[in-house]
1. Counting Lys and Arg as +1 and Asp and Glu as -1, what is the net charge of the other residues whose Cβ lies under 15 Å from the Cβ of His332?
2. Can you give me the distance in nm between label points at Lys450 and Gln506, each placed 7 Å from the Cα along the Cα-to-Cβ direction?
3. Quick check: Cα centre of the stretch 370-415 to Cα centre of the stretch 481-500, how many Å?
4. Based on the mean of other Cβ atoms within 10 Å per residue, sort peptides 297-306, 231-240, 564-573 so the most packed one is first.
5. Mind ordering 385-396, 545-556 by average Cβ neighbours within 10 Å, highest first?
6. Whole angstrom only: what separates the Cα centroid of the stretch 169-246 from the Cα centroid of the stretch 300-324?
7. Going Cα to Cα from Lys318, which lysines come in below 24 Å? Please leave out same-chain ones fewer than 8 positions away.
8. Per-residue counts of other Cβ atoms within 10 Å, averaged by peptide: what ranking do you get for 401-409, 488-496, highest first?
Amino acid sequence: MDITPTGAIPEPLGYSGGMPPASPAPAPHPAGFRFRPWMAGAGGAVVALGAIGALSASLLLKSGPGIDKMVPDNTGLYATVYLDPSLPQKVNLLRMAHHFPDLHTDAQLTQKLNDSLDQALKETGLTYSKDIAPWLGARISSVTDFGIKPTTAVLFASKDDAAAGAALAKVRSSVPGKKLTWSTETYQGVTLSVGTNAGATTVYALVDHTAVLADSDGIVRDIIDTDTGKRATLQSTADYIATVALLPSDRLVLAYVNGPALVGMLKTEISKQGLATTTPIPDSAWKELGAFRGMGLTLAAGTDGLTGDVEVKVDSTKLDAAGRAALTSTRHNALLGWIPQRAFAVMATSGLKSSLQSGLDQAGTLDASTRDSLTQLGLLGPSGVVAHLTGDLAVEVESPAPQQIGGAILIGTTDPAGMQIFLTKLGTIAEFAASSSVPGSGLAATPAQKSVYKGVTIVTFPVSGLNAPGIAPSFAVTNGIGIVASSPAEIHDLIDAHSSGTSIAQATNFAATRAATFANPQSFLYVDVTATASAILSYVPAAQRGSYDSQVAPNLAPVKAIMVASNGQPDRISERVFVLIPN
């Protein structure tokens, strides 16, 4: 398929929406369910390649008949690739693709798409470029029913029903198709071709200008019933409407997980496997799961990267107090001003306290002996560390020198003295463990050492024989923050970042990814791809870097950074993923 535009590409109009982390993880299939490999190829692989597919096909395709009215209301997992998105989406994606060496030209991009989809469809006996592309309309979707026996169908919008029908007929004559026993039946005027063999089923049909490939005739019948109005559509259900309304409408890919259907499948699977008696799940846990109403995901191309949005709708009345508090927290993490600008990986959250309390409050989490030990350590109890956490947590990693990686954990506290006592006890235990290490290990602890840097007391537990340059476990407590770091020098870096005001917030890539996600997320994970690769490569001998420099580096170079950020509201959890690929 030739994807070269017939005219000059205009300047992008910009994009303000977002996407989710990649395709949703599919629910586990129970034993006995035969998921045909071609479905993963024609459905899952198509969604995974949705960005490229939407780009190439959309440059020629026009809008086709809608598939939405064919998706049954009992669908557990629904995913669709829009092959005719908006012009800004097409232009932005095309420009990003051309940053990669194997996709520099439209011809290379088209060939890569065709080769990938041909391989994905191999088991059907069809090829994308010859058998599907000529008649493919503006949508490819997959529908999965999480029933007693989960089944899946892939729907291809058709703009030439005769060609689509001829392509479907080739399934019978394919190598896998010849292993099946075929029969033909009619349902509501639609002809279904059904092939079976030892419990495996393949079904194809042409339904209302849509080619359908499935692993069950039941799901095809449901699709026909929905198309004719005999059953409701997924898109008409309250949970779907409420969830998808939160997502950007300008998108390349959309996926939706039906919460009640997924929980129902889990219950069925647990019952079938007999896990309900051997590993009983508390009613409180099922109630928490019942709060999950739906999850929607989108993928979109912006002017400087790929953006993903995830919206998880919840019924907060089914959550415990800690769960509701975590959703509605408006606290902003106060630790970012301490993270050095050169840090190449940062994880931060303002929900540490509620998460720990929720976990500790679960029935049976800790036995009495363990709880007493943790209380004596200073972790639990009214005076323990957990009771006095602010909720802020940050973890940072940096490379202060070649072949040297350091990092630190920062924890906010309202009781610095208690945090100091706890960290001292923890360090003493670690010191004892090192001195009591297995003979011959080469590890030996030396007495703790104290130093002062800019008025902050740092306690270090040197471990001789530790084969890691610059590693000397240390801790400090200052300004309501407990810091555990890989070395005193790492704590120096944190103190300097805070005192000088030159923190991670001033890093160019961090600022760009933060601007594209949430200004003050409750939690986030940030990775500077360029700096991370540089730090890792410093350990690789020059003689062994040839293949990396020639094959990996050119494809990695366009991707500068990634951020995954999340926020909670009373009725949902919002997450945004941004991959920085500047023009």
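1. Once positives and negatives cancel, what remains is +2.
2. 3.2
3. Spelled out, the Cα-based centre of one part sits 14 Å from the other.
4. Answer by packing, highest mean first, reads 297-306, 564-573, 231-240.
5. With the highest mean Cβ count within 10 Å placed first, the list reads 385-396, 545-556.
6. Taking the Cα centre of the stretch 300-324 as reference, the centre of the stretch 169-246 is 31 Å away.
7. Partners within reach: Lys267, Lys287, Lys353.
8. Result, highest mean first: 488-496, 401-409.
The values are calculated or read from the model by the stated rules, or taken from the named source; none is laboratory data. Computed from a predicted structure; not experimentally measured. Please note: Cβ atoms are built from the backbone with ideal geometry, for glycine as well, and neighbour counts cover all protein chains shown. What goes into the accessible areas is simple: the full protein's heavy atoms, side chains included, and nothing from ligands, DNA or RNA. Shrake-Rupley method; radii C 1.70, N 1.55, O 1.52, S 1.80 Å.
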